[in-house]
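A short write-up of the structure that comes next.
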Amino acid sequence: MRAELQPLLREFSAFERLSEPDLASLVEACRELHVRAGERVIEEGAVDGDVMLLLRGRLSVVKSGAPEPLAQLGPGAVVGLLAPVLGHPRSASVVATERSQIAVLRATSIELLSLSHAPVGLALQSAIVSQLLDDFVAQQRAYAERSG
Amino acid sequence: MFATNTQVLVTQLGQAFPRLSESLSPADVQKLGRMGDRVLLLENEDLVPAGGRLPGLILILRGRLVPRAAPDVPEEHRWVLGPGEAIGIEALVGRQPRHDSLRALEFSELRVFDAKVWGHLLERTPHIAVGFLHALARELAEEVDALAASLERLP
């Protein structure tokens, strides 16, 4: 099963140039998660250090009190970054809207890989920065739209 | 005893970007401080002439500047950038920067990490590149979080 993760992770643009051994060390650090539609993968208010790489399926970001989902996520998304990066509790929940396959990385594993395998660390930090840039642009647009 | 020019630049970098010292050792912050091109802009001066594109990551050490969006990127709103802010992070992760220039509102000092400098950093000291990205990710995460909080406060 874990060998199957390698080509799926390779589809993330940040990981496409990693060597086979480096990609294997990334796979080694990942925990695989399979969820069905309706299953919650992140709980609002929880404190944990998991960062999720969505390999297959779709996830929805929902927040208590919000009438609509905050975001819909597809393969290639890096999910749940803010809480581990900032050390905050989860600000929203993430629910699978269809069967999904996720690679889960502990924030501490990211730190360790960043120290021990510079190419993997660079790839991971690039994936994180790319996702945060997308989030930043989305938030900026939403703010501009809503504030007129 | 007087501080050398390099020491002043390193101190400025550390003060403007305190997150760097959380991700890098003092010696590595010092090495980073020696890299990148130092650029000074006078009031109303543009970093890149019209038709050009931001050369890479720009760290603002002092002054106030406004970014100019690239023609193919919608201008959401104009905002003023100051010390401790970065623009053009996209260039470090293989993307095209969303802005094509910066105009100084007053005398400003920048550090420019173009593709050549970044390539040098990746090749010679990849651990510094990792720490640098880590610090930028932390800064970005704080900005995303602050924007999300502002959005929640909107009626």
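The values are calculated or read from the model by the stated rules, or taken from the named source; none is laboratory data. Everything numeric in this text was worked out from a predicted model, so none of it was measured. When we count neighbours, we look across all protein chains shown, and the Cβ atoms used for this are built from the backbone with ideal geometry, even at glycine. Note: accessible area is taken over every heavy atom of the protein model, side chains too, but ligands, DNA and RNA are not part of it. Shrake-Rupley method; radii C 1.70, N 1.55, O 1.52, S 1.80 Å.
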Exercise for review: Please report, ordered by residue number, the strands (runs of 3 or more DSSP E) entirely within the stretch B:28-124 with at least 1 residues that are farther than 26 Å from B:LEU147 by Cα.
Suggested key: B:37-41, B:108-114
Check your understanding: Can we say A:ARG90 is open to solvent by 10 Å² or more (accessible area, probe 1.4 Å), of a type in the set (D, E, K, R) and within 12 Å of the chain's Cα centre (by Cα)?
Key -> no
Practice item. Give the residues of the stretch A:95-148 that are touching a strand residue (DSSP E or B) at 6+ places or on another chain (Cβ under 9 Å) and at the interface with another protein chain (Cβ under 7 Å from one of its Cβ atoms), sorted by residue number. Key: A:ILE128, A:SER130, A:LEU132, A:ASP135
Study note, to complete from the structure: Restricting attention to the stretch B:98-113, the residues that are surrounded by fewer than 17 Cβ atoms within 10 Å (Cβ to Cβ) and closer than 22 Å to A:SER130 by Cβ number exactly 0
Point to revise | Only one of B:LEU147, B:LEU140, B:LEU154, B:LEU133 that is facing another protein chain (nearest Cβ under 7 Å) and touching a Lys or Arg at 6+ places or on another chain (Cβ under 6 Å) | key: B:LEU154
Review point. Across the stretch A:41-69, what is the total count of residues that are polar (S, T, N, Q) and either in contact with a helix residue (DSSP H, G or I) (Cβ under 8 Å, 6 or more places away or on another chain) or on the phi > 0 side of the Ramachandran plot (or both)?
Key: 0
Check your understanding: If you scan the stretch A:98-113, which residues turn out to be open to solvent by less than 70 Å² (accessible area, probe 1.4 Å) and more than 18 Å from A:LEU132 (Cα to Cα)?
Key -> A:SER100, A:GLN101, A:ILE102, A:ALA103, A:SER109, A:LEU113
Check your understanding: Of everything in the stretch A:33-66 that's exposed (fewer than 15 other Cβ atoms within 10 Å of the Cβ) and in contact (Cβ under 8 Å) with a residue 60 or more places away in the chain, which residue is nearest to B:GLU90 (Cα to Cα)?
Key -> A:HIS34
